[in-house]
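The values are calculated or read from the model by the stated rules, or taken from the named source; none is laboratory data. Computed from a predicted structure; not experimentally measured. Virtual Cβ from ideal backbone geometry, glycine too; neighbours counted across all protein chains shown. Please note that ligands, DNA and RNA were not included when accessible areas were found on the heavy atoms of the full protein model with its side chains. Shrake-Rupley method; radii C 1.70, N 1.55, O 1.52, S 1.80 Å.
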Amino acid sequence: MEVMVREVWQVATLSSLAEKIMVGIASAATHAYRAKGIPMFRNQNIKSGYLEDSDLLFITPEYEAAFRNKRLRTGDLVTMRTGYPGVTAIVPAQYDQSQSFTTLITRPKKDAIDSLFLCHYINSEFGKKFFEQSQIGGAQKNVNASTLRGMPIPVPPRQEQLAIGLAISDLDALIAGLEKLIAKKRDLKQAAMQQLLTGQTRLPGFSGEWELRQLVQLGTFLKGSGVKRDEAMSGELPCVRYGEIYTVHSDVVRTFHSRISPQVAAKATRIQKGDLLFAGSGETKAEIGKCVAMALPMEAYAGGDIVILRLRSGNPSFFGYLLNTPAVVRQKSNLGQGDAVVHISALALSSIEVGVPSIEEQTAITTVLSDMDLALSALKDRLAKTRELKQGMMQVLLTGRTRLV
């Protein structure tokens with residue numbers, strides 16, 4: 001019986017696998033930038049695996065001619081030197097003969113290493129770890145060409161390189177598609193909020209004028225308290241901290257990311273279903289006072305720097321959406337105080353004016369927007385799982401633990 005023996009992967013330095021590794025144009029005179037001409041990529045154009053060309057600069061052919069030896073070719077890799085050192089993109093055919101500004105450029109030897117495989121490896125956890133250990137500089141970390149030249153690269157047989165590169169790229173395409181779909185759904189939700197929450201568009205069966213009310217007329221203002229950062233995971237009782245209003249909650253509290261002990265809860269402010277929570281401090285006036293609605297019927301608490309509006313009536317989720325619309329955001333921005341850190345008080349929030357429809361219309365609008373949120377959440381979950389799948393696949397394919405060929 002014939003036994004198949006798997007070929008063992010060799011490891012080589014990147015310098016031995018590349019025709020050249022060099023730095024792109026190191027300086028570009030301001031007068032050389034144009035709305036058209038020779039495309040020139042910068043750090044902000046480099047994404048993991050691909051070049052983003054929506055914010056592309058161009059340089060004049062006359063200026064570019066002095067750097068003809070640095071022209072990019074199809075299949076070249078461009079790598080960030082600063083910002084997020086090591087993030088690498090592959091140059092597609094439509095940008096053959098373009099240029100790059102201060103990036104690292106790697107031109108793989110076609111008979112030694114596949115560009116797609118190499119790009120995936122450099123962007124993998126193995127590549128990230130290499131760059132983290134190799135960065136130089138103080139506040140502005142960076143990598144240089146000599147660092148890249150010494151990077152160890154596993155070299156599978158050619159056919160296996162191609163198979164691995166294509167398998168990972170298929171997941172990249174799925175991830176990119178999901179990201180675009182999420183962005184489209186998010187834009188649709190924002191448009192729906194603008195139309196429905198201002199009364200510009202009415203759902204079937206509803207008419208009549210909305211009543212203009214100040215927030216002080218809708219309920220009673222309270223203040224959050226307690227819950228230091230090191231207490232945020234001290235127990236099992238759900239808690240909302242002001243920073244989480246900016247980072248993890250959107251319009252309506254649907255889950256909790258902090259849980260505190262009974263001892264910490266004793267000094268915190270208890271919140272209840274129907275409460276509206278405003279971030280009382282932030283970095284800019286444009287974001288100050290972001291609001292989320294507590295629509296869950298359970299014991300929970302609010303930390304410090306949160307202003308609470310306890311509604312007397314109305315659909316809390318409706319107001320969670322309403323109080324983040326552009327018209328209300330502008331009012332909050334005008335009421336914010338401070339420069340380095342911006343604050344907004346209960347007194348300031350109480351003067352904000354909003355149009356309020358009937359409770360029936362509030363509920364109907366909330367149903368439409370909640371359905372959109374659920375669809376967005378499902379897509380985000382799918383995206384997260386796909387990214388996890390990609391990381392797991394890269395872990396086994398790029399180390400040879402799982403072989404495709």
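Enumerate the strands (runs of 3 or more DSSP E) found wholly within the stretch 179-250, keeping only those where 1 or more residues are of a type in the set (Lys, Arg).
It comes to 211-214, 219-223.
Looking at Pro92, Pro61, Pro108, can you tell me which residue is farther than 22 Å from Ala173 by Cβ and of a type outside the set (Val, Ile, Thr)? Give the derivation first.
On the way: Pro92 fails: farther than 22 Å from Ala173 by Cβ; Pro108 fails: farther than 22 Å from Ala173 by Cβ.
The conditions single out Pro61.
Quick check on my filter: what residues within the stretch 86-125 are in a helix (DSSP H, G or I), in contact with a Pro (Cβ under 8 Å, 6 or more places away or on another chain) and open to solvent by 20 Å² or more (accessible area, probe 1.4 Å)?
Tyr95, Ser115, Tyr121
Among the candidates Lys180, Lys128, which residue alone is open to solvent by 60 Å² or more (accessible area, probe 1.4 Å), in contact with a Gly (Cβ under 7 Å, 6 or more places away or on another chain) and either of a type outside the set (A, V, I, L, M, F, W, C) or without any contact (Cβ under 8 Å) to a residue 40 or more places away in the chain (or both)?
Lys128
When the stretch 10-44 is examined, which residues are found to be at pLDDT 90 or above, in a loop (DSSP other than H, G, I, E, B) and open to solvent by 30 Å² or more (accessible area, probe 1.4 Å)?
Across the stretch 10-44, the qualifying residues are Gly37, Arg42.
Got a number for residues in the stretch 131-145 being over 27 Å from Leu162 (Cα atoms) and either in a helix (DSSP H, G or I) or open to solvent by less than 20 Å² (accessible area, probe 1.4 Å) (or both)?
4
Restricting the stretch 67-106 to residues that are small (Gly, Ala, Ser) and in contact with a strand residue (DSSP E or B) (Cβ under 9 Å, 6 or more places away or on another chain), which is farthest from Phe131 (Cα to Cα)?
First, pick out the residues of the stretch 67-106 that are small (Gly, Ala, Ser): 75, 83, 86, 89, 93, 98, 100.
Cutting the leftovers down to in contact with a strand residue (DSSP E or B) (Cβ under 9 Å, 6 or more places away or on another chain) gives us 75, 83, 86, 89, 98, 100.
Numbers: Gly75: 22, Gly83: 12, Gly86: 6, Ala89: 15, Ser98: 26, Ser100: 21 Å.
Step by step, filter the stretch 67-106, then rank; the result is Ser98.
Being of a type in the set (A, V, I, L, M), open to solvent by 20 Å² or more (accessible area, probe 1.4 Å) and under 17 Å from Leu118 (Cα atoms) is the filter here, so list the residues in the stretch 386-402 that pass it.
Correct list: Met393, Val396.
Looking at the stretch 37-73, which of its residues are β-branched (Val, Ile, Thr) and in contact (Cβ under 8 Å) with a residue 40 or more places away in the chain?
Hits for the stretch 37-73 are Ile38, Ile46, Ile59.
Filter the stretch 225-268 down to the residues that are of a type in the set (Ser, Thr, Tyr) and crowded, with 20+ Cβ neighbours inside 10 Å, then identify the one that is modelled with the highest pLDDT.
Looking at the filtered set, the residue picked out is Ser258.
Please verify whether the stretch 176-197 includes one or more residues that are in contact with a strand residue (DSSP E or B) (Cβ under 8 Å, 6 or more places away or on another chain), modelled with pLDDT of 95 or more and closer than 21 Å to Glu287 by Cα.
No, the conditions are met nowhere in the stretch 176-197.
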